[in-house]
Amino acid sequence: MSDELTSIDEEVIRWPAGSYRELLAVALPMVLSASTQSMMHVVDRVYLTWYSKEAVAAALPAGLLFWSCLSLPFGIVSYLNAFVAQYEGAKRPDRVSASVWQGVYFAILCGLLLMLPAIWAEDFFQFVGHSPDVRPLEASYFRWLSLGGLTVMIPAALSCFFSGRGQTLVVLAVNASSVLVNAGLDWAMIFGRGPFPEMGIPGAAIATNLANLYATICYIVLLYRYSIRGPYYFSRHFRFDWHLMRDLLRFGGPSGMQMFLDVAGFTAFIMIIGWIGPNELAATNIAFNLNTLAFTPVIGVGIAVSTLVGQRIGEGRPELAATSTWKGFVFGGGIMLICGAFYVFLPQILLVPYAMYADGDDFQSTKDVVVILLRFVALYSFFDAMAIIFGSAIRAAGDTVFSMLVTCACAWGLLVVPTYLTWRFYGPSLFWSWTWCSIYVIALGFIFLGRFLSGRWMTMSIIEPVPAVGDDGPVNNSVASVAAANSNGSFEQI
């Protein structure tokens with residue numbers, strides 16, 4: 001496996017800047033990589049559907065609670081992609097490797113802290129008040145995921161070295177192979193195959209942790225090559241750099257907070273749905289799970305757009321960053337439209353894997369609800385692409401505070417609070433809950449489109465200036481200064 005990855009990451013193919021060929025060269029591997037990650041979650045849910053309805057009902061709220069805890073540090077460490085991209089565009093390999101080291105230090109600290117919530121797993125789900133049959137399964141799944149926090153954070157930091165530089169085939173190879181590892185371990189640990197006892201839902205969480213550990217080992221093996229040869233020389237830039245860590249927290253902090261507010265909003269939404277009962281919660285789980293088939297590939301396009309925007313900003317060519325973003329939206333929006341057609345016209349086909357070994361009579365009522373919910377998914381999917389692509393573009397340039405504030409306002413002002421008030425004054429309603437969910441996504445899409453069209457992100461940069469000496473004395477030749485001059489603007493955060 002390592003030999004194959006070594007050959008893949010030897011060279012970054014350079015296509016004409018701003019072209020579809022450049023976009024596709026970076027985006028297609030990320031789309032496939034993100035798709036493999038979504039398939040990992042789909043496989044988990046399919047196996048748990050075969051195991052029991054209570055298990056699949058417990059997986060979504062427990063998984064979302066874990067992501068609520070994980071999202072802030074994960075969002076910060078994932079913002080390394082923008083630092084790597086801009087330093088790569090500015091031809092500063094020493095700062096690329098130093099940035100990755102800071103991300104690794106941050107990932108280790110946060111991975112250890114993520115183990116702490118496992119202590120209060122039972123207490124939290126007791127407080128939420130879901131069905132007594134579901135609560136212990138939720139607590140068990142959440143506890144094991146929390147204990148594996150390190151295995152999520154470290155590969156997220158290491159992968160940014162490759163994705164930020166456009167070597168997305170490496171990320172694809174690691175993610176695809178880790179999904180295969182996860183699928184095999186899921187089958188063995190959930191149902192008790194081979195040397196493993198039957199573990200049920202804890203087995204799904206442990207299998208995920210082991211697959212993430214495998215990905216971590218792959219990245220360490222690959223990056224060892226860069227520790228002994230140039231131009232990155234990881235072995236020379238391992239020292240803690242307070243200025244880089246400060247910048248990571250300054251720009252990545254709002255990005256991480258945005259992810260936290262978004263995930264926390266959806267977690268609260270799912271907890272409210274869980275008050276109806278296991279059938280509705282299981283249906284919502286499956287609908288969101290199928291939504292990842294469209295959502296996650298577009299996340300891959302968003303990462304590619306973020307990489308290209310970061311590199312163009314680093315080079316001082318923001319107009320090419322805008323070109324790549326529009327082409328990314330055409331690609332991502334097309335994926336959402338195709339998947340939306342499947343949700344509306346072929347939902348029964350999508351549900352075949354879930355129904356294959358599930359109890360027929362028990363699953364039928366759940367399936368009928370899922371078919372209806374998939375129509376909501378089809379309604380908001382295209383606007384979700386707007387939010388992902390244009391939001392990725394402006395955050396890659398450094399416009400993270402605006403993204404955080406907008407996400408907070410929309411997630412809680414258009415999703416959680418309206419859903420709760422509807423339930424309190426009108427009554428429990430799955431229809432109105434999903435209506436508010438659709439309004440939230442659509443509004444977010446239009447807001448990020450408007451911010452992108454304003455062009456303010458084109459004057460921003462997240463990397464420090466490089467002082468140089470000219471004929472008339474010191475000259476600031478930073479790429480950020482070039483971008484600002486080209487845009488006739490000034491540096492600003494919001």
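The values are calculated or read from the model by the stated rules, or taken from the named source; none is laboratory data. No experiment lies behind these values; they were computed from the predicted model shown. All Cβ positions, even for glycine, are placed from backbone atoms using ideal geometry, and neighbour counts span all protein chains on display.
General observations
- Residue check for Ala484: assigned to a helix (DSSP H, G or I) and either at pLDDT below 80 or touching a strand residue (DSSP E or B) at 6+ places or on another chain (Cβ under 9 Å) (or both): yes
- Tally, over the stretch 71-125, of residues that are within 24 Å of Tyr226 (Cβ to Cβ), under 17 Å from the mean Cα position of the chain (by Cα) and among the aliphatic types (A, V, I, L, M): 5
- Residues of the stretch 55-94 satisfying the condition of being touching a residue at least 12 places away in the same chain (Cβ under 8 Å) and outside any helix (DSSP H, G or I): Tyr79, Ala90, Arg92
- Pick from the stretch 364-417, criterion of a type in the set (D, E, K, R) and outside any loop (DSSP other than H, G, I, E, B), ranking: farthest from Thr292 (Cα to Cα): Arg395
- Glu122 vs. criteria farther than 22 Å from Ala107 by Cα, part of a helix (DSSP H, G or I) and of a type in the set (D, E, K, R): yes
- Hits in the stretch 215-255 (condition: buried (at least 20 other Cβ atoms within 10 Å of the Cβ) and farther than 30 Å from Met460 by Cβ): Ala215, Thr216, Cys218, Leu222
- Number of the condition not met by Tyr420 [criteria: (1) touching a residue at least 24 places away in the same chain (Cβ under 8 Å); (2) not in a helix (DSSP H, G or I)]: (2)
- Residue match in the stretch 273-285 (condition: at pLDDT 90 or above, crowded, with 17+ Cβ neighbours inside 10 Å and in a helix (DSSP H, G or I)): no
- Every condition in (1) closer than 22 Å to Leu421 by Cβ; (2) surrounded by fewer than 24 Cβ atoms within 10 Å (Cβ to Cβ) is met by Trp326 except one, and the failing one is (1).
- Index of the failed condition, Ala215 passing every other in (1) on the phi < 0 side of the Ramachandran plot; (2) over 20 Å from the mean Cα position of the chain (by Cα): (2)
- Residues within the stretch 144-177 that are without any contact (Cβ under 8 Å) to a residue 60 or more places away in the chain and of a type outside the set (A, V, I, L, M, F, W, C), tallied: 0
- Verdict on Thr419 being of a type in the set (Val, Ile, Thr) and farther than 20 Å from Leu261 by Cβ: no
- Checking the stretch 248-266 against the condition returns no match, with no residue being over 28 Å from Phe106 (Cβ atoms) and of a type outside the set (Gly, Ala, Ser).
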